[in-house]
Amino acid sequence: MKRKAGAFVGICLAALLLVGCGKSNNSSSSGSNDTTTTKKTDKFQITGDADSDQYRGVIENGRYRVSKSRGVGVQQDANNMLNLKNFDIGMTDISKKFFSTQSYIFQEGQYLSTSTVEKWLGRQSKDNPDGLNPVDNGNGSNRNPMYVQQIGEQDYMKNNNGKLTLAGMMIGIGMNQKDYYQKQQYGPTFTQSIPHDKMVAQGKADAQKVLERVRKIDGVPNNIPIVIAMFEQAPNDSLVGGSFYAYAVSNSGTQLGDWKNLDIKNVVFPATSTNSVPNSNDEHSFENFKDKIQNFFPNLAGVTAQAQYDGNTLKGMNVNITTQFYSETEIISFTQYVAQAAQSYLPNKIPIDIQILGSDGKTQAFLSRNAGEGKFESHILTGN
C-alpha cells in the first residue's frame with residue numbers, strides 16, 4: 001500500500017508540474033523557436049510558453065508522458081510526503097542552472113525503468129550485484145544501513161525539426177540520515193542514525209556508479225550533460241521535508257566534475273526554541289498573517305508553514321491551514337479572506353502555496369502565487 005501511495009502522490013505532483021508548464025490550447029506551429037502555447041508534430045505536443053520561467057512539457061498521443069520509475073523507493077517517504085515533494089521540486093530548480101527553460105523541454109524520466117531503480121535501491125548481493133546499498137550483515141551493532149532511499153530522473157529535450165532529442169539529464173539521489181528497519185516482520189520499528197560524513201562519502205561513491213550505468217543505457221548520448229544532485233531525506237517525524245546538499249556535472253563520458261555544496265534549509269513557522277529561522281523578518285510576516293486570519297476566523301485548528309531558504313534568502317513557502325468549517329459559504333468566505341491577508345502580510349516576490357484543510361484532512365481550498373506575482377489564485381474544492 002505504501003508503494004501505491006507513493007505512486008499516487010507522484011502522479012499528482014506530475015500533474016502539478018504539467019500545470020506549471022503552462023496552459024495548453026489547440027493551436028499548432030512548427031520551428032524550434034516558436035513560443036506558441038501548444039506545438040504539434042506527428043507524435044507529440046509541447047505545452048507551455050517558451051518565455052516562461054517554467055519548463056514546457058511533453059504530451060505524447062494525447063497523454064502526459066509520465067516517468068517510467070515514478071514512485072519507486074518511497075516506502076519511508078510515505079511517512080513524510082514533503083520529502084518526495086522537495087525532491088521533485090529541488091531537482092527542477094537545480095536543472096534550471098544548466099538547462100534554460102527557453103531552450104529545453106521537460107520530460108519525465110524515460111530511461112530508468114521501475115525494475116532498474118528497484119535493483120539499484122536494493123542491497124548488494126549475489127542475486128542483485130547492482131544494489132547500491134551495502135550487503136545485509138544482520139541487525140547487530142555493526143549493521144550496514146540502507147543509505148540510498150530514492151533515485152529520480154528528469155530528461156531535458158530539444159525540438160529539432162519536429163523531433164524530440166535528449167539533450168540533458170538530471171539524476172537525483174536521495175540519501176538517508178536515518179534508516180528505519182524491523183528485525184522481524186510486523187515487529188517494532190528501529191531507527192539507525194547515519195553520520196553525515198558517512199552519508200556524504202557513500203553518496204559520492206554511488207553517484208559515480210550511477211553515472212557510469214546511465215551512460216551505458218541505450219539512447220543516452222555520451223556527450224550530453226548529466227547533472228547528479230544529492231538529497232538528504234528528512235526523518236519521518238520531521239515537520240519539514242529534506243533538501244539537496246550538493247551536485248556535480250558530467251559534460252561527457254563518465255568523468256564527474258567537482259562537487260558544489262548547497263546551503264538549502266527547510267524550516268517550520270511558527271519558530272520554536274529548537275527551531276530557529278535565518279531571517280526574523282520572515283517569521284514576523286508569517287506571525288502577522290497567522291494572527292490576522294485567526295482573529296477574523298476563530299474556528300482554526302492550526303496555521304503552520306514550511307519555508308525554504310538558500311543561505312539566508314527565503315526562496316518559497318508552503319502554508320497549511322486546518323479549519324473546522326463545514327458549510328461551503330464559510331469555506332468560500334475564508335478562502336477569499338486568506339487571499340487578501342496573504343497578499344498583505346506574507347513575504348512578496350517568492351512563490352507561495354496555501355492549502356486549506358478540513359478537520360478530516362481533506363483539502364477544502366488551495367491558493368498559489370508564483371514568484372514576482374501579486375495576487376493569489378484560488379481554487380475551492382466543493383463536494384468533499
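The values are calculated or read from the model by the stated rules, or taken from the named source; none is laboratory data. The model shown is predicted, which means the values in this text are computed figures rather than measured ones. Neighbour counts run over all protein chains shown; Cβ positions are idealised from the backbone, glycine included. The protein model used for the area step is the full one, side chains on, heavy atoms only, and it has no ligands, DNA or RNA in it. Shrake-Rupley method; radii C 1.70, N 1.55, O 1.52, S 1.80 Å.
Tabulated data
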{"item": "Residues within region 240-261 that are closer than 19 Å to GLN202 by Cβ and touching a residue at least 60 places away in the same chain (Cβ under 8 Å), tallied", "result": "4"}
{"item": "Subset of region 361-373 [open to solvent by 40 Å² or more (accessible area, probe 1.4 Å) and farther than 20 Å from GLY302 by Cβ]", "result": "ASN370, ALA371, GLY372, GLU373"}
{"item": "Matching residues in region 84-124 - criterion: being assigned to a strand (DSSP E or B) and either without any contact (Cβ under 8 Å) to a residue 40 or more places away in the chain or not hydrophobic (A, V, I, L, M, F, W, C) (or both)", "result": "GLN107, GLU108, ARG123"}
{"item": "Residues that are hydrophobic (A, V, I, L, M, F, W, C) and at pLDDT below 95, drawn from region 158-189", "result": "LEU164"}
{"item": "Index of the failed condition, PHE190 passing every other in (1) in a strand (DSSP E or B); (2) under 27 Å from TYR309 (Cα atoms); (3) not hydroxyl-bearing (Ser, Thr, Tyr)", "result": "(2)"}
{"item": "Test set (1) modelled with pLDDT of 95 or more; (2) aliphatic (A, V, I, L, M); (3) in a helix (DSSP H, G or I) - LEU367 fails condition number", "result": "(3)"}
{"item": "Region 133-155, residues that are under 23 Å from the mean Cα position of the chain (by Cα) and either in a strand (DSSP E or B) or among the polar types (S, T, N, Q) (or both)", "result": "ASN133, VAL148, GLN149, GLN150, ILE151, GLY152, GLU153, GLN154, ASP155"}
{"item": "Single residue of region 315-325 satisfying the filter (open to solvent by 20 Å² or more (accessible area, probe 1.4 Å) and either without any contact (Cβ under 8 Å) to a residue 24 or more places away in the chain or under 26 Å from the mean Cα position of the chain (by Cα) (or both)) that is farthest from TYR337 (Cα to Cα)", "result": "LYS315"}
{"item": "Scan of region 46-60 for residues that are in a loop (DSSP other than H, G, I, E, B), surrounded by fewer than 17 Cβ atoms within 10 Å (Cβ to Cβ) and at pLDDT 75 or above, ordered by number", "result": "ASP53"}
{"item": "Conditions (1) loosely packed, with under 14 Cβ neighbours inside 10 Å; (2) modelled with pLDDT of 95 or more; number of the one not met by VAL220", "result": "(1)"}
{"item": "Residues being farther than 22 Å from ILE89 by Cβ, loosely packed, with under 14 Cβ neighbours inside 10 Å and out of contact with any strand residue (DSSP E or B) (no Cβ under 8 Å at 6 or more places or on another chain) - total across region 341-360", "result": "2"}
{"item": "Hits in region 223-248 - residues which are small (Gly, Ala, Ser), within 20 Å of TYR104 (Cα to Cα) and surrounded by fewer than 20 Cβ atoms within 10 Å (Cβ to Cβ)", "result": "ALA248"}
{"item": "ASP258 vs. criteria open to solvent by 30 Å² or more (accessible area, probe 1.4 Å) and acidic (Asp, Glu)", "result": "yes"}
{"item": "Pair list, Cβ < 9 Å and 6+ apart or interchain, from region 277-306 residues that are open to solvent by less than 20 Å² (accessible area, probe 1.4 Å) to residues that are basic (Lys, Arg)", "result": "VAL303/LYS290; ALA305/LYS290"}
{"item": "Index of the failed condition, VAL267 passing every other in (1) in contact with a Pro (Cβ under 8 Å, 6 or more places away or on another chain); (2) at pLDDT 95 or above; (3) farther than 20 Å from MET175 by Cβ", "result": "(2)"}
{"item": "Test for LEU166: is it in contact (Cβ under 8 Å) with a residue 24 or more places away in the chain, aliphatic (A, V, I, L, M), surrounded by 14 or more Cβ atoms within 10 Å (Cβ to Cβ) and under 21 Å from GLY242 (Cβ atoms)", "result": "no"}
{"item": "Contacts under 9 angstrom Cβ, first residue in region 175-197 being surrounded by 11 or more Cβ atoms within 10 Å (Cβ to Cβ), partner basic (Lys, Arg) and modelled with pLDDT of 95 or more, 6 or more apart", "result": "ASP179/ARG143; TYR181/ARG143; THR191/LYS178; GLN192/ARG143; GLN192/LYS178; SER193/LYS178; ILE194/LYS178"}
